[in-house]
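Here's the structure, in structure tokens; my notes come after.
The values are calculated or read from the model by the stated rules, or taken from the named source; none is laboratory data. Because the structure is a prediction, the values reported are computed rather than measured. Backbone-built Cβ (ideal geometry, glycine too); neighbour counts: all protein chains shown. Just the protein is used for accessible areas: all its heavy atoms, side chains included, with ligands, DNA and RNA removed. Shrake-Rupley method; radii C 1.70, N 1.55, O 1.52, S 1.80 Å.
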Amino acid sequence: MKKKHLIIQIILLVICGINLPSYAQIKLNQAAIDIKVKALLAKMTLQEKIGQMAQITLDVITQGKDRYSSNEPVVLDEADMKKAFEVYKIGSVLNTANNRARTPEKWFEIISEIQKVGSGRLNIPVIYGIDAIHGTTYTAGATFFPQQIGQAATRNRELVKKAAEITAYETRASGIPWNFSPVLDLGPDPRFPRIWETYGEDSYLTSELGKQVIKGYEGENNDVSNPFRVASSLKHFLGYQVSLSGKDRTPAYISEQQLREYHIPAFKAAIEAGAHTIMVNSGLINGIPVHANYNLITKLLRQELGFKGLLVTDWGDIENLNQRDRITKNNKESVMLAINAGIDMSMIAYQYEPFCDDLIALVKEGKVKQTRIDEAVTRILTLKYQLGLFEKPVTNYKDYPKFGSKEFEQAAYQTAAESITLLKNSNDILPLKKDAKIFVTGPNANSMRTLNGGWTYSWQGEKVEEFAAKYNTIVEAFQAKIGESQVKFIPGVSYKMEGKYFEEFEDKMDEALAAAKNADVIILCLGENSYTETPGNLSDLYLSDFQTAYAQKIAALGKPIILVLNEGRPRLISKFEPSIPVILQTYLPGNFGADALVDIIFGDVNPSGKLPYNYPKFPNSLVNYNHKPSESRSAVVGVYNYDADYNPQYEFGFGLSYTTFKYNNLKLSASKITANNLLKVSVDVTNTGTREGKEVVDLYLSDLVASLTPDVKRLKGFEKISLKPGETKTVTFTISKNELSFVNAANKTVVEAGDFEIKIADLKATFMVE
């Protein structure tokens, strides 16, 4: 009845010539979609419904020797297409073929043909999904930004939103409407191989940036029928990157209190921001695979958090319930558990027949209710209508003239420039003068692959050099800036592939050490080669033995050394850090990272990045910034100096500039408030140096006494400002009940009366909650 009344009211407004508010138009559209979906669902057979719940990878329907690889050039196979779409009624395809990027023209050709065959008797379009992680991963010529960890270091909401907008544009230019991004997992464990896909270790920072990405992908009003927007997919729900071992897809043990305090907030914020889909965590929590966890998927996600969109598995994870996790006796039982837990679509990848056949049998046997199937298919069809696929099943690259444009490249450069973090600058060695003789060395010095990381042109990033030759490596960026005659390069250490993995080897190390003696400055480029997921697992967080030994030998020369860290996670450098005067963290800055780095080194850009995680000093001291009081050295009573207590190499939020900033006049709007009051906090920030610079103003809140031991401090606000020399700006924050609350031992979100402390830079102020 409510929908009928709303439609009547809107029709009357239209008749009267009154402009519709955007929210009413959206509700009208959704009401119309609901009617269409219900009518379509009534016409569908069980086989057609089950097919909508199945997603396969592109290699399955291409010509090739098997389902796991394709011929080149890629050609869709008529027989495979007929079986998948006409017999099994498959409703979704993902990924690329042969793990290789394609041109927008090729994507248009492939997806257009899929839509022609795949729509079936009811003309239901196929929905295509892709992992466009820091740009449109599998499209040649796309614009690549820093990976999420670098975007977090910018602390710049507008840049993060812009990166998402451009990625959405270029993904739609590839004919693809659904993006498996952003990653909203916390990245609190530096051992984990996917920390670089996150926004770091803090839930507030992740929540704030996640909301910006949703706006960028889906638009301010989440109208994903807009041909320049995509449907986002939050991943990986829930608690993925905190496994006990620190390795991918291994068990995690997380209390409900920790889930609610640290892991849920970012997903909750993104759901409230309107995200259309969610992907499920591939791992196990407390012994239960998340894909089979009714309490997490239905009770928490659906009923408590109110998520109404589509829920898709990760790669092959229903099969994993039996094949890996051994909680079922066969595939059929796995399908039953996952679908009854609340899964809507299975990212089967390859062997789709067992899923479809088993699910049909389960429905006929009454082990999966028809209402559960209808619920899932309703969500899938709704998304397809919301995306406008029934009207236009594939967007045409010709309608996207800005694809790979200079405008987009400038945005990627700017994001890289604001992400790079200056960690050490002894004796103000930086910025360098442009007449210096530069010696560039190290395994990351002449590689586009290492600048980008995984999910770049291919899953592991191993094909980057093939597609990114026109961009500058670090060596090439120096040569472009000051001329080849002033820049000498010898690697010293290099990477090589051994089977599926890479190893390191000495590469003219003695020659490099000899050449370094003749340079004014040494640029030492260390870090990691590209990886993601299980291939990125490691057993030693220290930087590799080859690189560590090389750094020690370079340091022994007594030359000015600029260490450039190009890595997906903070590899330990404490064995040689004291001997290195300058350290820059680039993370994985993308195709324009080297240009941005060189501009920072020569002072054309003032660095403004801030660490999105604690950079640990030792492998047995992996403590986050928001640790408990008992983990702090200041809390230890006695004569002992426990070196394994809280002692990061560099702390979350740290990052230097070429100018200086002074904080003054920290003011609170009240000294006492109730939990429902708003507290205004303001502070004056002055650029006291001689260069214009950007400063991140972080606000930390400490609950001084609580019934559950509180964190030492928590980030509860941040703003990035630009200040000219001598300029002062006042930055204002609002503290609400949401910032004051925590999850107590009874797993309830509460605000307890007592004293709180605000900290901004070196200023502190206290207030009381009554």
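Here are a few things to note about the model shown:
Per-residue answers, yes or no, for (1) in a helix (DSSP H, G or I); (2) more than 30 Å from the chain's Cα centre (by Cα); (3) buried (at least 21 other Cβ atoms within 10 Å of the Cβ); (4) at pLDDT 95 or above:
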| position | (1), (2), (3), (4) |
| --- | --- |
| LYS367 | no, yes, no, yes |
| GLU375 | yes, no, no, yes |
| LEU389 | no, no, yes, yes |
| THR415 | yes, no, yes, yes |
| PRO443 | no, no, yes, yes |
| THR450 | yes, no, yes, yes |
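- Residues that are outside any strand (DSSP E or B) and of a type outside the set (Asp, Glu), drawn from region 53-72: MET53, LEU58, VAL60, ILE61, GLN63, GLY64, LYS65, ARG67, TYR68, SER70, ASN71
- Some residue of region 500-517 being of a type outside the set (Asp, Glu), in contact with a Pro (Cβ under 6 Å, 6 or more places away or on another chain) and either at pLDDT 95 or above or part of a helix (DSSP H, G or I) (or both): no
- First in region 559-572 and within 26 Å of THR534 (Cα to Cα), second anywhere and among the polar types (S, T, N, Q), Cβ under 6 Å, 6 or more apart: LEU565/GLN585; ASN566/ASN444; ASN566/THR450; ASN566/THR586
- Tally of residues being open to solvent by less than 40 Å² (accessible area, probe 1.4 Å) and not acidic (Asp, Glu) across region 251-261: 4
- Candidates ASN537, ASN606, ASN529, filtered to the one that is more than 16 Å from ALA445 (Cα to Cα), in contact with a helix residue (DSSP H, G or I) (Cβ under 9 Å, 6 or more places away or on another chain) and open to solvent by 10 Å² or more (accessible area, probe 1.4 Å): ASN606
- Looking at LYS384, LYS398, LYS402, just one residue is open to solvent by less than 20 Å² (accessible area, probe 1.4 Å) and basic (Lys, Arg), and that residue is LYS384.
- Set side by side, the residues ILE254, ILE327 differ, and just one is over 24 Å from the mean Cα position of the chain (by Cα), at pLDDT 95 or above and part of a loop (DSSP other than H, G, I, E, B), which is ILE327.
- Residue tally, condition open to solvent by less than 10 Å² (accessible area, probe 1.4 Å) and more than 14 Å from LEU565 (Cβ to Cβ), over region 419-430: 1
- Where strands (runs of 3 or more DSSP E) fall entirely within region 609-725, those with at least 1 residues that are of a type in the set (Phe, Trp, Tyr) and modelled with pLDDT of 95 or more are at 661-668, 693-703, 714-723.
- Filtered residues of region 108-130 (kept if among the polar types (S, T, N, Q), touching a Phe, Trp or Tyr at 6+ places or on another chain (Cβ under 8 Å) and over 17 Å from LYS43 (Cα atoms)): none
- Residues within region 88-115 that are closer than 19 Å to ILE380 by Cα and either assigned to a helix (DSSP H, G or I) or at pLDDT below 95 (or both), tallied: 3
- Taken as a whole, region 476-499 holds at least one residue that is at pLDDT 95 or above, open to solvent by 20 Å² or more (accessible area, probe 1.4 Å), over 22 Å from LYS553 (Cα atoms) and in contact with a Phe, Trp or Tyr (Cβ under 7 Å, 6 or more places away or on another chain).
- If the condition is being free of Cβ contacts under 8 Å to residues at least 40 places away in the same chain and either outside any loop (DSSP other than H, G, I, E, B) or open to solvent by 30 Å² or more (accessible area, probe 1.4 Å) (or both), then region 307-323 contributes TRP315, ASP317, ILE318, GLU319, ASN320, LEU321, ASN322, GLN323.
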